Every structure is written in structure tokens, then in C-alpha cells.
1. Would you pick out the residues in the stretch 3-43 that are surrounded by fewer than 16 Cβ atoms within 10 Å (Cβ to Cβ) and free of Cβ contacts under 8 Å to residues at least 12 places away in the same chain?
2. If a residue counts only when it is over 19 Å from Ser82 (Cα atoms) and within 12 Å of the chain's Cα centre (by Cα), which strands (runs of 3 or more DSSP E) contained entirely in the stretch 1-58 have at least 2 such residues?
3. Can you run down the residue pairs with Cβ atoms below 9 Å, 6 or more apart or on separate chains, where the first is in the stretch 87-100 and closer than 15 Å to Thr59 by Cα and in contact (Cβ under 8 Å) with a residue 12 or more places away in the chain and the partner is aromatic (Phe, Trp, Tyr) and buried (at least 17 other Cβ atoms within 10 Å of the Cβ)?
4. Would you confirm whether any residue within the stretch 81-95 is under 18 Å from Ser20 (Cβ atoms) and in a loop (DSSP other than H, G, I, E, B)?
5. Run down His104, His116 and say which single residue is at pLDDT 95 or above and of a type outside the set (Lys, Arg).
6. I'd like to know if the stretch 61-81 contains one or more residues that are touching a residue at least 60 places away in the same chain (Cβ under 8 Å), surrounded by 17 or more Cβ atoms within 10 Å (Cβ to Cβ) and touching a Ser or Thr at 6+ places or on another chain (Cβ under 9 Å).
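The values are calculated or read from the model by the stated rules, or taken from the named source; none is laboratory data. Remember, it's a predicted structure, so these values are computed and weren't measured experimentally. Here the Cβ positions follow ideal geometry from the backbone for every residue, glycine too, while neighbour counts run over all protein chains shown.
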Amino acid sequence: MSKKRIMCVEDNQDACELISTILENCEVLNAYSMADALRLSTQKKFDLYLLDYHLPDGTGLELALLIKNFDTKTPILFVTGSVSMTERQAIKIGAQGVVKKGTHTFVEELKKRVTHLLEK
């Protein structure tokens, strides 16, 4: 069985490396901006998108809506420390929710949510 492919869209390289380490059983490709993410998402197929809220060239919310224009099936999970992004907002635009960075339960919560979404 091939590894699940996840796109991590996050402008902080350390955060991308942490997420890749946490999700070591998956193939995690990183994008550091909205432009990178759109280019990658139109070239490759992903099983899950992990989006930060604050990106250098826009927001994860804008990016999620753009991705939904050409990929309505792949789940989107926001992984952010931003207080601007709520679970309700994520669900409203068709994403699967939010995992907050910087909390003491971050690693467990991320693993749990990602595993659940990839099993669907």
C-alpha cells in the first residue's frame, strides 16, 4: 500500500518539519505560500490538505476556497495558531476543521484528526 500524500501549506519551515515528523507514515509535501500550494495541487493528487491561516500571499481560507474550485473531494484541515480561524468557519467553507498549534495536545490531536480523515 502506498503512503498517503499530504500537502502542508505553512510559511514557517520549522512547523512544516514538525508536521512531517509527526505524520512520518505519510508523504508530506510542503508549500510555503498560496501560489506554491496552487501550483502543487494542480500538478499532483493529494489525500489531505493541511493549511495554515496566515500565508505570505493570502489566507488559508482563501486558499481552501480556490482548491475547492477544482478539487471538491480531498479533505482540508486547518493547522494554525491563529485565533482568527474557528472550527465553525472551517466547516462553513467545506473544510473538516481546525487543529490549533501551540497547545499541549497538538501532536495527539493532529495525529488523531489526520488518521480519521485518511481512513474515510
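1. Matches in the stretch 3-43: Asp14, Glu17, Thr21, Glu24, Arg39, Gln43.
2. Here the list reads 5-9, 27-31.
3. Sorted first by the residue in the stretch 87-100, then by its partner, the pairs are Gln89/Phe78; Ala90/Phe78; Ala95/Tyr49; Ala95/Phe78; Val98/Tyr53; Val98/Phe78.
4. yes
5. His116
6. no
Results for (1) over 16 Å from Asn12 (Cβ atoms); (2) in contact with a Lys or Arg (Cβ under 6 Å, 6 or more places away or on another chain); (3) not basic (Lys, Arg), shown as yes or no for each residue.
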{"residue": "Cys26", "(1), (2), (3)": "yes, yes, yes"}
{"residue": "Met34", "(1), (2), (3)": "no, no, yes"}
{"residue": "Pro56", "(1), (2), (3)": "no, no, yes"}
{"residue": "Lys68", "(1), (2), (3)": "yes, no, no"}
{"residue": "Thr74", "(1), (2), (3)": "yes, no, yes"}
{"residue": "Ser82", "(1), (2), (3)": "no, no, yes"}
{"residue": "Thr86", "(1), (2), (3)": "yes, no, yes"}
{"residue": "Gly97", "(1), (2), (3)": "yes, no, yes"}
{"residue": "Phe106", "(1), (2), (3)": "no, no, yes"}
